1. Taking the condition crowded, with 21+ Cβ neighbours inside 10 Å and either at pLDDT 70 or above or not in a helix (DSSP H, G or I) (or both), does Val47 pass?
2. What number of residues within the stretch 104-131 are part of a helix (DSSP H, G or I), over 21 Å from Ser174 (Cα atoms) and touching a helix residue (DSSP H, G or I) at 6+ places or on another chain (Cβ under 8 Å)?
3. Please enumerate the residues belonging to the stretch 353-370 that are open to solvent by 40 Å² or more (accessible area, probe 1.4 Å) and within 22 Å of Phe233 (Cβ to Cβ).
4. Show the residue pairs that are 6+ apart or on different chains and have beta-carbon atoms under 6 Å apart, the first residue being within the stretch 174-200 and farther than 30 Å from Gly48 by Cβ and in a loop (DSSP other than H, G, I, E, B), the second being open to solvent by 30 Å² or more (accessible area, probe 1.4 Å) and at pLDDT below 90.
5. Kindly check whether there is at least one residue in the stretch 57-65 that is hydrophobic (A, V, I, L, M, F, W, C), at pLDDT 85 or above and open to solvent by less than 20 Å² (accessible area, probe 1.4 Å).
6. Of all residues in the stretch 446-462, which are touching a Gly at 6+ places or on another chain (Cβ under 9 Å) and more than 9 Å from Ala431 (Cβ to Cβ)?
7. Which residues, counting only those in the stretch 446-474, are more than 30 Å from Glu319 (Cβ to Cβ), among the aliphatic types (A, V, I, L, M) and either free of Cβ contacts under 8 Å to residues at least 12 places away in the same chain or loosely packed, with under 12 Cβ neighbours inside 10 Å (or both)?
8. Would you pick out the residues in the stretch 154-170 that are over 23 Å from the mean Cα position of the chain (by Cα), touching a residue at least 40 places away in the same chain (Cβ under 8 Å) and open to solvent by 30 Å² or more (accessible area, probe 1.4 Å)?
Amino acid sequence: MNEKTLKERTANGLLWGALNNFTIQLLSALIGVVLGRILNPGEYGIVGMLAIFTAIAGTLSESGFTAALTNHKQPTHREYNAVFWFSTLCSLLLYVVLWFFAPLIAAFLHQPELVKLSRLVFASFVIASIGTAHSAYMFRNMMNREKAIMNCFAIAISGAVGITLALLGFSYWSLAWQQFTYICVIDIGRLYFVRWLPTFTFDMKPIREMFAFSSKILITNIICQVNNNILSFIFGRLFTSKEVGNYSQAAKWNNMGHSLISGTIQQVAQPVMASINEEDEGRQVNVFRKMLRFTSFLSMPAMFGLALVADFIVLLLGEKWTDSVVLLRILCISGAFIPIHTLYQNLFISHGRSETYMWCIFSQIVLQICVILSLSTWGIQTMVTAYAIVQILWVGVWQILAQRLMQLRFTDILKDICPFLLAALGCISIAWITTKGMPSLMTQILIRIIMTAALYIIIMKIARVTIFNECIEFLSQRLRRH
């Protein structure tokens, strides 16, 4: 693949990936606001306690085969068919196990209502596993436009189901049915866009061939899911459902923020980097650094800006969610670095270094669990702060490992990240000081958003930042074509 083709493919992938993720997060935010005004923190907390089990079970049924098929030189029907049957059968087995474990989970978390609720929530990953092979095909071929359409329908339909049930008084059940409906619609969309059907040929040899690579991805993805959901689970044991609900609300908005960026990068990073000849190390370094600059250019102002206006939770959802504001601010600071983590992770996967990827994530989660448990007597805020600090500092660990993989110097990485980090910090600091004394919360938030965005754009233009100019040029070309 020549430089021009790679650049166009990457740019188009990023554009549709960005539209996909922006649409998802916007619709999710609108639906979340409506549900947040109807439901209370305790109801959110009950569903949040189950997140870790659903995430791990879903990861087990997928088993890392999306990444394995993407790295495969030329997967055929044989490989996709094997992945379909393995994922489906594995998820059914896991569901049976979790069905019988439901009473034990409910007893551990002191929430008897979780028995019936968990059995519905866990059913969603069984449905999701049916579309694993189709999802891998879409990811490998960067079908981001189709994903955008599919996700829009899924969020709109599932959101309508959730809101309707909440208004009818179904409490936390409305959140569970919303999740289940979303997965069902996504699977229908995958079947529509990927005109591939499995056959009744149970050839598991491709699974054995891919398992050496995919097993490390599987273990790592489980660790990632533990990392993403461990606080809700620990808090479910230590604190009330209301406190868990406040954290879950903050984590949800933080995830929507950084997922908009990391999800965009995720959809192109591994396919693009895997397509570059490993012998051309200089080109690999240049592509990675350019992606890193683009990631930092977006994530720093977006996530620091979200921390700046975290009071919007009270404005949109009401005073009952006030305790979520501080937690959201803390999470957003570390959330700015999560897309950078994602980029490093895809670098190692694209090089087939799934074992490095696995051990780095594993070490991070072990450290985070040890740190937050040692601070459990200090309360939720201190535990979340410690969790966030480890998340930020771990970028340095990824860089040390990346430097061993190829000639990726630490000083170059600092040059790529720090300008955007400092620019974003400067903009939000000015906006914070200028608007601090405003009596109207709505006016304060609006001015902070406008001021931060304007200052950041001005800095980018004055400094003649290349990545900013390239983004403007690309968008201008797209608009002229249409």
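1. So Val47 passes the test.
2. 3
3. Phe362, Ser363, Val366, Leu367, Ile369, Cys370 - these are the residues of the stretch 353-370 that are open to solvent by 40 Å² or more (accessible area, probe 1.4 Å) and within 22 Å of Phe233 (Cβ to Cβ).
4. Val194/Tyr137
5. Within the stretch 57-65 (the criterion being hydrophobic (A, V, I, L, M, F, W, C), at pLDDT 85 or above and open to solvent by less than 20 Å² (accessible area, probe 1.4 Å)), the answer is no, since none of the residues qualifies.
6. Listed by number, the residues that qualify are Ala453, Tyr456, Ile459.
7. Result: Ala454, Ile457, Ile458, Ile462, Ala463, Ile472.
8. Scanning the stretch 154-170 gives Ile163, Leu167.
The values are calculated or read from the model by the stated rules, or taken from the named source; none is laboratory data. Quantities reported herein were computed from a predicted structural model and do not represent experimental measurements. Methodologically, a virtual Cβ is constructed for each residue, glycine included, from the backbone with ideal geometry; neighbour enumeration extends over all protein chains shown. Please note that ligands, DNA and RNA were not included when accessible areas were found on the heavy atoms of the full protein model with its side chains. Shrake-Rupley method; radii C 1.70, N 1.55, O 1.52, S 1.80 Å.
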